[in-house]
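Engineer: Input: one structure, supplied below.
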Amino acid sequence: RTQKLTPSGVQTNEYADAQLQDIVRKLRERATVYKEKLKDPVLSSPEGSPTASPSKKKPPPPPKEEKKEEKKEEAEAKPEEDHYCDMLCCKFKKPPLKKYMEYLQLPDSIDSYTDRRYVTWLMLVTVAYNWNCWFIPLRFVFPYQTPSNIIYWIVIDIICDICYLCDLLVFQPRVQFLRGGDIISDKVEMKKFYYSSMKFRLDVLSVLPFDVLYFFFGFNPAFRANRFLKHNTFFEFNDRLEAILDKAYIYRVIRTTGYLLFILHINACLYYWASDYEGLGSTRWVYDGEGNMYLRCYYWAVRTLITIGGLPEPQTLFEIVFQLLNFFLGVFVFSSLIGQMRDVIGAATAGQNYYRSCMDNTVSYMNTYSIPKLVQNRVRTWYEYTWDSQGMLDESELLEQMPLKMQLAIAIDVNFAIVNKVDLFKGCDTQMIYDMLLRLKSIVYLPGDFVCKKGEIGREMYIIKQGEVQVLGGPDGTKVLVTLRAGAVFGEISLLAAGGGNRRTANVVAHGFANLFILDKKTLNEILVHYPDSEKLLMKKAKYVL
């Protein structure tokens with residue numbers, strides 16, 4: 001900083017003088033802005049403009065309304081923001097209550113095939129139905145319902161009845177249905193369809209309050225026998241649950257076992273009723289009244305229905321007839337359930353049996369022609385790895401049974417992400433890639449297998465779906481030039497060359513197990529006929545690559 005002498009003889013500081021000049025310049029600019037603001041009120045300024053009339057003390061209402069609207073918009077926007085909950089020293093994100101309420105809110109129409117909430121509701125109704133099926137006969141026959149615990153039985157019965165009523169009044173009138181191939185989701189039409197069905201009549205009969213007869217004839221569980229008519233919901237739940245389970249055969253085995261246990265339960269109830277009718281302990285055949293009454297009767301029912309034998313001989317005509325009916329029923333029921341269990345297990349292992357059959361036939365063929373053991377071991381390894389990785393030997397067999405659109409949808413979900421990463425097809429028509437997905441063939445190579453050899457005539461290209469391959473070169477052809485991984489492409493020169501007949505320039509070997517997509521030149525040309533723009537793009541890339 002330097003001092004200088006002015007003509008008047010006063011010393012000034014250069015830095016302070018520069019700052020003052022800058023302040024003067026800014027004040028002039030500010031004055032110019034205010035002059036323009038007074039001439040044109042539309043222009044904005046850093047500060048609020050003065051009011052037109054000084055006598056008005058209250059601000060105009062529009063700004064308040066704008067502020068209210070802004071506050072409303074902020075309040076509406078708050079649920080969409082992230083919600084955080086502070087607990088002690090932790091801060092974690094939690095979804096807002098509104099999202100929970102929206103998910104739990106019952107829709108106007110229910111798709112019974114895809115709505116998991118509907119399946120959950122059917123499960124609750126099925127639990128109520130099973131309660132009635134198992135405990136109404138038990139309470140009617142065995143002396144387990146007493147005046148001291150009657151209140152508990154009644155409370156659970158009321159809860160089950162509420163489930164029945166909610167299903168009748170709330171859920172079933174909202175279920176969509178098919179009419180002439182169209183999905184009907186109109187409220188009025190859905191109600192008409194349900195009210196005109198046999199299921200509605202049975203549902204109404206199942207909730208008729210015959211329990212009021214308790215006041216005239218006492219608390220007899222037999223008055224609730226109409227609750228058994230809710231069987232349609234039970235079977236519907238089984239169908240819907242099997243449709244969404246990954247391993248439905250496990251549930252089928254459990255359900256079949258439950259059928260057997262329920263039939264034995266009913267037989268135990270009948271045996272106790274017959275013993276009580278004859279008189280407990282009156283003969284050697286009836287229940288003698290000792291021990292746990294239900295377990296003793298259930299043990300008798302198991303030995304009778306499964307025809308194990310070793311039971312006391314019936315004495316009276318009633319006992320003989322009862323025992324004969326049990327034997328006949330046991331033979332029929334037991335054979336039916338064994339046959340059903342065999343079908344369930346057979347269906348669950350059908351794929352495994354097919355795989356075993358194919359492998360055994362192949363091994364038998366190789367033994368017939370004396371194929372070397374080394375080759376046989378590689379064939380067995382291929383079968384085992386293909387089955388373990390895919391769950392089937394040929395994916396195309398499964399897809400061929402489906403419509404073309406479904407095949408495309410599955411191919412897009414499974415393979416589109418891999419093919420879309422390939423640089424060769426970037427910029428091509430998406431529909432062309434979709435068509436190509438349906439034509440790709442998946443092949444598994446074992447460790448050390450040659451995918452292609454140097455000097456071969458190339459007629460296809462390869463896309464690595466899973467695993468790695470190594471490109472070999474060098475004087476002896478064993479040097480690893482590069483390792484290609486999932487999403488990489490090789491052999492594309494064979495497809496892009498206009499004249500064809502290009503020979504492979506290197507050996508490509510599978511490093512570990514490798515799953516590759518193969519696309520041959522003929523298939524690609526058939527696809528490109530319908531996509532000329534994509535064909536031009538690929539030809540440009542071909543010239544660059546070649």
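Engineer: I'd like to know which of Phe216, Ile250, Tyr195 lies farthest towards the positive end of the charge dipole of region 192-275, counting +1 on Cβ of Lys and Arg and -1 on Cβ of Asp and Glu.
Structural biologist: Result: Tyr195.
Engineer: Can you list the GluC sites (Glu not before Pro) in region 429-519 that are in a DSSP coil and have 15 or fewer other beta carbons within 10 angstrom?
Structural biologist: On the way: sites: Glu456, Glu460, Glu468, Glu492; in loops: Glu456.
Loop-located and lightly packed - Glu456.
Engineer: Return the whole-Å distance between the Cα centroid of region 388-446 and the Cα centroid of region 281-308.
Structural biologist: Computed from Cα coordinates, the inter-centre distance equals 62 Å.
Engineer: Restrict the search to region 379-428; then list the GluC sites (Glu not before Pro) that DSSP places in a loop and that have at most 12 other Cβ atoms within 10 Å of their Cβ.
Structural biologist: Working: sites: Glu384, Glu395, Glu397, Glu400; in loops: Glu400.
Answer in residue order: Glu400.
Engineer: May I pose another question? Given +1 on the Cβ of Lys and Arg, -1 on the Cβ of Asp and Glu, and no further charges, what dipole in debye does region 418-545 carry about its Cα centre, rounded to the nearest 20? Can you show the working numbers first?
Structural biologist: Working: 18 positive and 13 negative charges, 49 e Å.
The dipole magnitude comes to about 240 debye.
Engineer: Sort the following peptides by mean Cβ neighbour count (other Cβ atoms within 10 Å, averaged over residues), highest first: 340-348, 372-380.
Structural biologist: Details: 340-348: 13.8, 372-380: 11.7.
Descending packing order for the listed peptides: 340-348, 372-380.
Engineer: Moving on to the next point. If you average over every viewing direction, what projected area does the convex hull of the Cα atoms of region 418-545 give, in nm²? It would help to have the intermediate numbers written out before the result.
Structural biologist: Working: hull surface 29.7 nm².
So the Cα hull casts an average projection of 7.4 nm².
Engineer: Can you run phi through the Karplus equation (6.51, -1.76, 1.60; θ = phi - 60°) for region 339-345 and list ³J(HN,Hα) in whole Hz, with x for Gly and Pro?
Structural biologist: Couplings: x, 5, 5, 4, 5, 5, 5 Hz.
Engineer: Turning to a different aspect of this structure: Rounded to the nearest percent, how much of the accessible area of region 374-512 (1.4 Å probe, protein heavy atoms only) is carbon and sulfur?
Structural biologist: Carbon and sulfur: 53 percent of the exposed surface of region 374-512.
Engineer: With every protein chain kept in place and ligands, DNA and RNA left out, what is the accessible area per residue of region 418-545? Probe 1.4 Å, answer in Å².
Structural biologist: Working: 6710 Å² over 128 residues.
That works out to 52 Å² for each residue.
Engineer: About the Cα centre, and with charges only on the beta carbon of Lys, Arg (+1) and Asp, Glu (-1), how big is the dipole of region 263-354? Nearest 20 debye, please.
Structural biologist: Dipole magnitude for region 263-354 comes out near 300 debye.
The values are calculated or read from the model by the stated rules, or taken from the named source; none is laboratory data. Model, not experiment: these values are computed from the prediction. Cβ: placed from backbone, ideal geometry, glycine included. Neighbour counts: every protein chain shown. Heavy atoms of the whole protein, side chains included, go into the accessibility calculation; ligands, DNA and RNA do not. Shrake-Rupley method; radii C 1.70, N 1.55, O 1.52, S 1.80 Å.
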